[in-house]
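The values are calculated or read from the model by the stated rules, or taken from the named source; none is laboratory data. Computed from a predicted model, the values in this text were never measured in an experiment. For neighbour counting, all protein chains shown are included, and Cβ atoms are generated from backbone atoms with ideal geometry for every residue, glycine included. For accessibility, only protein heavy atoms count, side chains too; no ligands or nucleic acids. Shrake-Rupley method; radii C 1.70, N 1.55, O 1.52, S 1.80 Å.
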There are 2 protein chains.
Amino acid sequence: MNNKAEKRREQILRAAFQAVSEKGFHSVTLQDIADYADVSKGVTSYYFQNKEDVFRHLLEWVTEKIYKNEHAAISKEHTAPDKLRAYVHAAFANPSDNRKFYRVYLEFLAQANHNEQFRDTNDRFYENCWSIGREIIQLGQKEGTFANVDIDKASYTIRALIDGSLIQWLMQNNDQLHTFYRDNCLETLSNYLTNKNNQNSN
Amino acid sequence: MNNKAEKRREQILRAAFQAVSEKGFHSVTLQDIADYADVSKGVTSYYFQNKEDVFRHLLEWVTEKIYKNEHAAISKEHTAPDKLRAYVHAAFANPSDNRKFYRVYLEFLAQANHNEQFRDTNDRFYENCWSIGREIIQLGQKEGTFANVDIDKASYTIRALIDGSLIQWLMQNNDQLHTFYRDNCLETLSNYLTNKNNQNSN
DNA sequence: AATATAATTTTGACCGGTCAGAATAAAATA
DNA sequence: TATTTTATTCTGACCGGTCAAAATTATATT
């Protein structure tokens, strides 16, 4: 049945994810994916058109999962500062998961420059991230807890700082720094959004 | 003489840079590098141990050039706010150069997770970036124009926001947004460093 | 200066190895 | 039995690295 096929596909995507995180995007072979999924080589070709098709779905799957996780996190909170904290904490997750995720994500970002499909998928991911940012900021401004910053600009800034911090953290092989970067990120964003001097000058 | 050999090596590095920016890290072959450098395939092997050696030197060459450029830019200015502006403007450079550079740099970052040499080189680059940040912040605090933020934290934040902004910009194929992201980045950093509420709580 | 010799640099064909994709067959399942 | 899944093998393309020979440049000799 369809459900079972869907299970297989996810099994393969998980395997591909693991393979990419350990071996790196380009050194992953169809055989690797099959090995990690504990199936034979032909299965991947049966469920996906080719290797690129696997990766395309993998990027979609991963970014979708991240977005849903982050969105769920902020939905549990009710004030803007709480949502902001929840967002940053969700984005940073825990060191080992996040290291794995960002390794893979970074490879896709690098590839996106030469692959329009990846770029499109990432655009949708960005849109989702920005929408989270906007939601938080709008609430904060309605509450009166946040300054009257330009909402779009600020939503870009939020994601830029999160990604920039995580990449910087990723490049140091030191999980200790995870909470440091997370808290610094949150603190900076809190001050940025709260500071009444940051008024929208438009 | 030695000088001529050095010329050749740089010629090859430039070719490799061009090749990576156009074709992507992993699809670049020794033949590609030779083609871009307008020499035969064997030359690269004559001047470098192997392909990886070329890439290692390429990353060093590129990051060194970037750092020197940024450092030169802030050295021309005398006040902290001016240095900050100069730094951000240097980091953003111009759209086409920066797109090329960040494409290549992003590929190296992705690779760094599986390549210790790349990671080491990037660590040195980060150190240089942070030192620029620290220099600016220290001056600003001495001048009294900047708030008493934690200098290390702030230097990480500065680079994180620059990198995060540039990557986000890179993923949109729109050079128009270049000044938008640059100015937003600078504005955010200015406010962050100037805001007297951002006091170091240690 | 002209020629011969040596050193350096460049070339491109070649080899061993790898991989994606295709083809095929065998086994399992319903 | 028909369909799905797994296992195995083949093939053609491609790449990194090698290296002998060619070309060029530098040096020595007369």
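Values for this structure:
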| item | result |
| --- | --- |
| Bins of 10 Å, starting at 0 and running to the largest distance - Cα pair percent for segment A:53-194 | 12, 42, 34, 12, 1 |
| In Å², nearest 10: area of A:Ser40 left accessible to a 1.4 Å probe | 70 Å² |
| Reduction of at least 40 Å² in accessible surface, 1.4 Å probe, comparing all protein chains with the chain by itself, residues of segment A:6-41 | A:His26 |
| Teacher prompt: A:Ser45 distances to equivalent labels in other copies, 7 Å Cα→Cβ, nm | 3.2 |
| Net lengthening on full extension, B:Gln138/B:Asp53 (0.36 nm per residue, minus Cα-Cα) | 26.8 nm |
| Whether the protein assembly as shown is rounded, prolate or oblate, judged on the alpha carbon gyration tensor where a/c under 1.5 counts as rounded | oblate |
| Cross-link table A:Lys23/A:Lys153; B:Lys7/B:Lys68; B:Lys83/B:Lys153; A:Lys83/A:Lys153; A:Lys83/B:Lys100; B:Lys7/B:Lys51, entries beyond 26 Å C-alpha to C-alpha | A:Lys23/A:Lys153; A:Lys83/B:Lys100 |
| Closest approach to the A/B rotation axis among chain A Cβ atoms, residue and whole-Å value | A:Gly164, 1 |
| Percent of alpha-carbon pairs separated by more than 20 Å within segment A:119-199 | 39 percent |
| Integer Hz, Karplus 6.51/-1.76/1.60 couplings in order for segment A:30-36, x for Gly and Pro | 4, 4, 4, 4, 4, 4, 4 |
| Number of partner chain Cβ atoms within 10 Å, mean per residue of B:182-195 | 4 |
| In Å², nearest 10: area of B:His178 left accessible to a 1.4 Å probe | 10 Å² |
| Inter-label distance, nm, simple model (7 Å from Cα along the C-beta direction), B:Lys65/B:Lys41 | 2.7 nm |
| Segment A:49-125 versus segment A:145-192: alpha-carbon centroid distance in Å | 15 Å |
| Projected label distance in nm at B:Ser96 and B:Asp120, using a 7 Å step from Cα toward the beta-carbon | 3.7 nm |
| Rel. contact order, % - alpha carbon contacts under 8 angstrom, at least six apart, segment B:1-48 | 36 percent |
| Interface size B-A, as summed buried accessible area [1.4 Å probe, Å², nearest 100] | 3700 Å² |
| Spin-label pair A:Ser27/B:Asp175, simplified geometry with 7 Å Cα→Cβ offset, distance in nm | 3.7 nm |
